[in-house]
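Comments concern the structure below.
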Amino acid sequence: MKILVVDDEADVQPLFIQRFRKEIRSGEFDFAFSLSGEDALEYLEKNHSEVVLILSDINMPGMTGIELLSRIRHTYEKPPPVVMMITAYGDEENRRQAMQNGANEFLTKPLDFTLLKEKLKTFVE
Amino acid sequence: MRLKTFLLNLIKGKRILEHGVQIHTEEVVQQGDSLESQLNEFEKTRNELEIAKKQLIQLEKMASLGELTAGIAHEIQNPLNFVNNFSEVNAELIDEMQQEIDKGNFEEAKAIACAIKENQQKINQHGKRADSIVKNMLLHSRDNSSEMQPTDINALADEYLRLSYHGLRAKDKTFNSAMMTNLDSNLPKVNVIPQDFGRVLLNLFNNAFYAVHQKQKTADANYKPEVSVTTSLENGQIIIMVKDNGSGIPENIKDKIMQPFFTTKPTGEGTGLGLSLSYDMVVKGHGGNIDIKTKEGEYTQFIITIPI
């Protein structure tokens, strides 16, 4: 299963690769990374049929995660990819905006990877 | 008889004279008293003004600190995310390494050791990042004047750009902007008072983001707000340019923006002291200079030069 991770923090990439090293090794998950919402849309344009799930940060310079989410919801209807938002601001307003724009999940930083793995597995099933 | 009249007149004249002198002396004493009280009054007013000035500077510091707080929360969560997660990964990796050693797979164990070391560096790097943010926040709120110290201007510019951006984002969800850094990696460390200089940069970034946000409210959907910071070394001087593609500064107020209390923001939103204090800190505090290039409706660029 291909997962696209969108975050402007570059170290998110080695972190995910390490955290999911077993799942990557077994072929259960395959990760792609984008450093901005704009990059993510470009990636999706070329590879959208492969990407099953998107994990996106909200506060990014340029296009925000919420804008990215809304673009994804308007552009890719079939099959709709699962989109989970990850943010350092866990406030109600952020959560409400994410859910209103069609997010499947709303997770906060520091990210709990045990919780994330559980969520990912429920969406896979 | 003539002599008597003469004597009487003389005595009268003497009295008048004495009286006159007395009146004159009293007047001089009175005038002296009022001068002294005026001087005291003046001294008192000057002291009051001095106290008011210090309070205003502190107010401006606290105002910009308030703008920082939300940015700080975000900027600390991010490094903490890495510190927590990479250290947990390392604990798992050490278990795995021991298992590999038990099985005699030393090559695999070595590979895991390398990964642990890399993660350890990430933990250290992000721990320091959080540390520097907290330290700067504390420096920012302190009232004491501090000493010049060799400072990495690039790191300072990058950090305050992010703090400014995340601070504004946290306050206003409709705000957004791209931010670009063009930092000359060959820049030497330069002697500045880091918290003062940080405050100058913060003011310029806050203004820049404010300007693009103002323009965004009226511009069409194609408008892409952008704030950039560029550093370079030219003729023995460090040049820091903060540029935004926002609303620009109208020609008729261009000369006023460095004046204390001048603000274009609605009442209660700006102290009008940001740029005037920045000007003082750069010019008087660091022997540098601030130049402005702007075109109304298109861009504003602040150029700071400081001698090394």
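The values are calculated or read from the model by the stated rules, or taken from the named source; none is laboratory data. Quantities reported herein were computed from a predicted structural model and do not represent experimental measurements. Glycine also receives a Cβ, built like all others from the backbone with ideal geometry; neighbour counts cover every protein chain displayed.
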Got a sec? Which strands (runs of 3 or more DSSP E) wholly within segment B:181-262 have at least 2 residues that are more than 17 Å from residue B:307 (Cα to Cα) and touching a residue at least 12 places away in the same chain (Cβ under 8 Å)? B:226-234, B:237-244
Is it fair to say residue B:194 is away from every other protein chain (no Cβ under 13 Å) and over 20 Å from the mean Cα position of the chain (by Cα)? no
Filter segment B:279-308 for residues that are at pLDDT 85 or above and small (Gly, Ala, Ser); which is surrounded by the fewest Cβ atoms within 10 Å (Cβ to Cβ)? B:287
Since residue A:86 meets every condition but one in (1) in contact with a Phe, Trp or Tyr (Cβ under 7 Å, 6 or more places away or on another chain); (2) closer than 19 Å to residue A:111 by Cα; (3) touching a residue at least 24 places away in the same chain (Cβ under 8 Å), which condition does it not meet? (1)
Between A:33, A:29, which is among the hydrophobic types (A, V, I, L, M, F, W, C) and under 21 Å from residue A:122 (Cβ atoms)? A:29
Do we find a residue being at pLDDT below 90, under 23 Å from residue B:178 (Cα atoms) and among the β-branched types (Val, Ile, Thr) anywhere in segment B:218-239? yes
